[in-house]
Amino acid sequence: MRVHVQSFPADPAGPFTREQWNAVFGQNSGHDVSFGCTSDDLRAIESEIEGLLVATRGLRALLPINAPKLKIVSVSSAGVDMLAPFDWLPPGVVLLNNSGAHSVKASEFALMGLLMLANRMPQFFAAQSLGQWRPASVRTLANNRLTVVGLGAIGARCAEIASALGMHVTGVRSRPGAHPACVEVVGVEQIDRVLPHSDYLVLSLPGGNSTRHLLDRRRLELLPRGAGIVNIGRGSVLDEDALCDLLDCGKVGGAVLDVFEHEPLSEDSRVWRTPNLVVTPHVSADDPLSYNTLTLRILFDNLTAFDKGLPMPNQIDITTGSRQNK
């Protein structure tokens, strides 16, 4: 297959290289591959390419892509909501996401968030900024109840790590079914039943209309008093104003948020001033030292399936924006 790999110049992982490609595909992969960083690089060969690997954040700037032989577009993010609607995708061309590349890093970040909340780190950070010594009791995660909303690659690994630490994990996903790390897995329609029994909540959901404000004020108020929340999915899943209100009054004990409905946060956002809330600037998912290699491995698995006439594991259903083969 004639494949072009288009990097985004500002990507922290740096541009994809032939050395990285060869390390995953081998020097005699059977694919003719080229690499580029500018729109001119793509325009020069777009009439030839059959497969395109492209950084999600740079894709729209490259549209339209005039590639009559194109069969596959693979993007570098797990979530593809920012690319919807998908009318830019030529008829018959398959869209792949990058689900699986983020699971190790993002699940470690979620664990860090849970540990910070259990150990009251947001409270201690605030005291430190004021130069005040304020001892407080802290807790272990073991024997606490965690609900992971979204059991994709990231959420599933979060559940596994938390279970290994002795937490009682409940999973919530669109297609309920048993998971070895969870004591129970329920459908999204049953989330109201499990929230009152959740000491901690990890959100690992994609964005889009179907998940927007899934955790609204009414549902956040179902949580036990003092519950902790970690969001590493999409900011639109969570009603930020409602969360800030509940943090202000102590109903929610603390939160670690890496994603927000509007990014970057404005200087006057109340999120900056809300107590017991840790803000990180959408950094939970990517390790620049391994990201390109992981991305190429996922592309390798999908191209191998394509060559064998098998379902591609990362193929997106463009009517829903989610993976066809979960």
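The values are calculated or read from the model by the stated rules, or taken from the named source; none is laboratory data. Given the structure is predicted, the values throughout are model-derived calculations rather than measurements. Positions of Cβ are generated from backbone atoms using ideal geometry, with glycine treated the same way; all protein chains shown enter the neighbour counts.
Please work out if ALA156 is free of Cβ contacts under 8 Å to residues at least 40 places away in the same chain and over 25 Å from ARG225 (Cα atoms). The answer is no for ALA156. Residue check: ASP87 meets all listed conditions (1) touching a residue at least 40 places away in the same chain (Cβ under 8 Å); (2) not assigned by TED's automatic domain parsing to the domain that holds VAL172 but one, namely (1). Does region 39-65 hold any residues that are under 15 Å from PHE8 (Cβ atoms) and basic (Lys, Arg), and which are they? Scanning region 39-65 gives ARG57, ARG60.
Against the list (1) modelled with pLDDT of 95 or more; (2) over 16 Å from the mean Cα position of the chain (by Cα), the condition THR319 fails is (1).
In region 123-229, counting only helices (runs of 4 or more DSSP H) that sit wholly within it, the ones holding 2 or more residues that are out of contact with any Cys (no Cβ under 7 Å at 6 or more places or on another chain) and among the hydrophobic types (A, V, I, L, M, F, W, C) span 153-164, 191-194.
Looking at PHE306, is it buried (at least 18 other Cβ atoms within 10 Å of the Cβ) and part of a loop (DSSP other than H, G, I, E, B)? Before the answer, list the steps.
Numbers: buried (at least 18 other Cβ atoms within 10 Å of the Cβ): yes; part of a loop (DSSP other than H, G, I, E, B): no.
Against the criterion (buried (at least 18 other Cβ atoms within 10 Å of the Cβ) and part of a loop (DSSP other than H, G, I, E, B)), PHE306 does not qualify.
When the criteria are applied in full, ILE49 meets the requirement of being touching a Lys or Arg at 6+ places or on another chain (Cβ under 6 Å) and under 22 Å from PRO313 (Cα atoms). Once region 161-188 is narrowed to residues that are more than 21 Å from ASN314 (Cα to Cα), in contact (Cβ under 8 Å) with a residue 24 or more places away in the chain and not hydrophobic (A, V, I, L, M, F, W, C), the residue that is surrounded by the fewest Cβ atoms within 10 Å (Cβ to Cβ) is GLY166.
Regarding region 239-246, can at least one residue be identified that is part of a helix (DSSP H, G or I), within 22 Å of ARG323 (Cα to Cα) and touching a helix residue (DSSP H, G or I) at 6+ places or on another chain (Cβ under 9 Å)? First the steps, then the outcome.
We begin by selecting, within region 239-246, every residue part of a helix (DSSP H, G or I); these are 240-246.
Cutting the leftovers down to within 22 Å of ARG323 (Cα to Cα) gives us none.
No, region 239-246 contains no residue that is part of a helix (DSSP H, G or I), within 22 Å of ARG323 (Cα to Cα) and touching a helix residue (DSSP H, G or I) at 6+ places or on another chain (Cβ under 9 Å).
For region 49-58, the condition holds for no residue, the condition being that it is over 15 Å from the mean Cα position of the chain (by Cα) and among the basic types (Lys, Arg). Every condition in (1) out of contact with any Phe, Trp or Tyr (no Cβ under 9 Å at 6 or more places or on another chain); (2) exposed (fewer than 13 other Cβ atoms within 10 Å of the Cβ); (3) not hydroxyl-bearing (Ser, Thr, Tyr) holds for ILE45 except the one numbered (2).
Restricting region 191-229 to residues that are among the charged types (D, E, K, R) and over 19 Å from VAL256 (Cβ atoms), the residue that is modelled with the lowest pLDDT is ARG212.
The residue of region 1-33 that is farthest from LEU289 (Cα to Cα), among those that are touching a His at 6+ places or on another chain (Cβ under 8 Å) and buried (at least 17 other Cβ atoms within 10 Å of the Cβ), is ARG2. Within this structure, ASN144 passes the test of being crowded, with 17+ Cβ neighbours inside 10 Å and touching a helix residue (DSSP H, G or I) at 6+ places or on another chain (Cβ under 8 Å).
Here is a yes/no grid of residues against (1) out of contact with any Leu (no Cβ under 8 Å at 6 or more places or on another chain); (2) without any contact (Cβ under 8 Å) to a residue 24 or more places away in the chain:
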residue	(1), (2)
LEU247	no, no
GLY253	no, no
PHE260	yes, no
GLY309	yes, yes
ASN314	no, no
SER322	yes, no
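When LEU247, LEU238, LEU243 are checked against the criterion of being assigned by TED's automatic domain parsing to the domain that holds ASP216 and over 22 Å from the mean Cα position of the chain (by Cα), LEU247 stands alone in meeting it.
Can you tell me which residues in region 189-208 are among the hydrophobic types (A, V, I, L, M, F, W, C), over 20 Å from ALA78 (Cα atoms) and within 21 Å of the chain's Cα centre (by Cα)? Don't jump to the end; show me each part of the working.
Going through region 189-208, the residues among the hydrophobic types (A, V, I, L, M, F, W, C) turn out to be 191, 194-195, 201-203, 205.
So of that shortlist, the ones also over 20 Å from ALA78 (Cα atoms) come out as 191, 194-195, 201.
Matches in region 189-208: ILE191, LEU201.
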